[in-house]
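The values are calculated or read from the model by the stated rules, or taken from the named source; none is laboratory data. Bear in mind the structure is a predicted one, so any value in this text is a computation, not a measurement. Glycine gets a Cβ as well: all are built from the backbone with ideal geometry, and neighbour counts include every protein chain shown.
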Amino acid sequence: MSRVRDIPGRLYRGEVSVNIVGRQKMWYAISGIILLVSVAALLVRGLNFSVEFKGGAVFKFPAAASVSQGDITRVVTSAGGGDSSAQYVSGLHQWQVTTAQLTSAASEHVQAALEKAFNVAPRDMGFSFTGPSWGSQITSKAITALIIFLVVIVIYLAIAFEWKMAIGAFTALMHDILITVGVYALIGFQVSPTTIIGLLTILGYSLYDTVVVFDKVRENTAGLLTSERSTYTQAANLALNQTLIRSINTSLTALIPVASILFIGGALLGAGTLNDLSLVLFVGMLVGTYSSLCIATPVLADLKEREPAYRKLREKINRKQAGGRAAAKAAATMSGAAASAAAGAKAGTSAGAPAGASASPPAGTTVTAVTAPAGAVPTASGVVRETTDDRTGDDRTADDLADDGEDAADTTDLSAASPATQATATRRTTVRQQPRPGSGSQRKKRR
């Protein structure tokens, strides 16, 4: 559990990282597929506008147990109401029937047919009419508000940050609008004036999250060309990781109450203004969270990496990283070669020694390292021999000369001996070369 709590701090410090900006091609591909589906749904199915946009008549009456949607549409059609849609509002326990624009006489005829077919009292029958001029005004005002919103936002971001950040934010906003509208077209949700209000709301929410990320990107990239500590993409990805947990927490905090209104309130109250608002908020917040993380910042990084200064910085850092990898690979190669040579030498030594032979001296034998004196020369067997002695002339006795002869014979025989035998002979020769008590000048003094 403590590791989970440490994730936000480790992300902020850069100890762990989610490579979001580096995978921009994957995000672009995912968004491209969703956008293609959304555009195809808009062209093929179109939007299901409410009566406020297209105009028409609305009839409302209490629901009876035996009434079905098909029964209502057949009555309206036979009464001259044309094509109609009937929707049951569970919270109000009533039916809402929407038709195209009708004349006053046609409206009265349809109303009378519904009252007669379903035993509805005239006082319980509700009727409203919306003209086409009012719906067209609502549509034009909604489009005008959306255009003004986008223009003001782009100008603000260009002044507060820079124009490339404004392009990234604008791209994310258009991405959110197209996908949200495409979801409405694909599923057939009804678009009402409340939907437009919710759409403008989620655009502001998405923009807020994008601005927070861009502010952190600007902080991380300050002085980047001078310090050369990372590329622009790496610095932008660090900013995303530092704000990732905050973005997720903010989105979940906003989505939970909206989902409660949509699923619980919609199930209890049925379709209505509250349901229309919560639906567009839920879809838009999901898309806005995704775009602020995976679309806006990668687009910004791509635009900045095209600048000559940041392109040279990326090339320089890539060369440094390539040199470091090459040095590490060379060191690993040398280490492997040294290990192989050591293993080969060990195997060769083991193969050359006789069975049962040991390189260590026999038990009870004391071996003393002997430094060859001046004038010593190596023999063919590797045994060091002295060519001169500190005893000269009369000091060298017959016993000394005899010892020298024995040593010379041993040295000759050792040239063909085994390594273990040579080592033993070397120790014996060394011991023989130690001064004998009472030999040489010492014996001369005793005489």
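Of all residues in segment 179-206, how many are touching a Gly at 6+ places or on another chain (Cβ under 8 Å) and crowded, with 21+ Cβ neighbours inside 10 Å? Total meeting the criteria: 7. The single residue among Ala259, Ala301 that is assigned to a helix (DSSP H, G or I), assigned by TED's automatic domain parsing to the domain that holds Ile196 and either buried (at least 18 other Cβ atoms within 10 Å of the Cβ) or at positive phi (or both) turns out to be Ala301. Among residues of segment 234-251 that are surrounded by fewer than 17 Cβ atoms within 10 Å (Cβ to Cβ), those with a Cβ under 6 angstrom from a residue that is not acidic (Asp, Glu), sequence gap 6+ or separate chain, pair up as Ile245/Pro8.
Report yes if some residue within segment 124-145 is under 24 Å from Ile34 (Cβ atoms), part of a helix (DSSP H, G or I) and of a type outside the set (Val, Ile, Thr); otherwise report no. Yes.
So that you can scan it fast, the table gives a plain yes or no per residue for (1) under 20 Å from Ala112 (Cα atoms); (2) modelled with pLDDT under 90; (3) assigned by TED's automatic domain parsing to the domain that holds Met125; (4) basic (Lys, Arg):
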site: Val16; (1), (2), (3), (4): no, yes, no, no
site: Val21; (1), (2), (3), (4): no, no, no, no
site: Ile30; (1), (2), (3), (4): no, no, no, no
site: Ile33; (1), (2), (3), (4): no, no, no, no
site: Ala40; (1), (2), (3), (4): no, no, no, no
site: Leu43; (1), (2), (3), (4): no, no, no, no
site: Ala64; (1), (2), (3), (4): yes, yes, yes, no
site: Ser68; (1), (2), (3), (4): yes, yes, yes, no
site: Ile72; (1), (2), (3), (4): yes, yes, yes, no
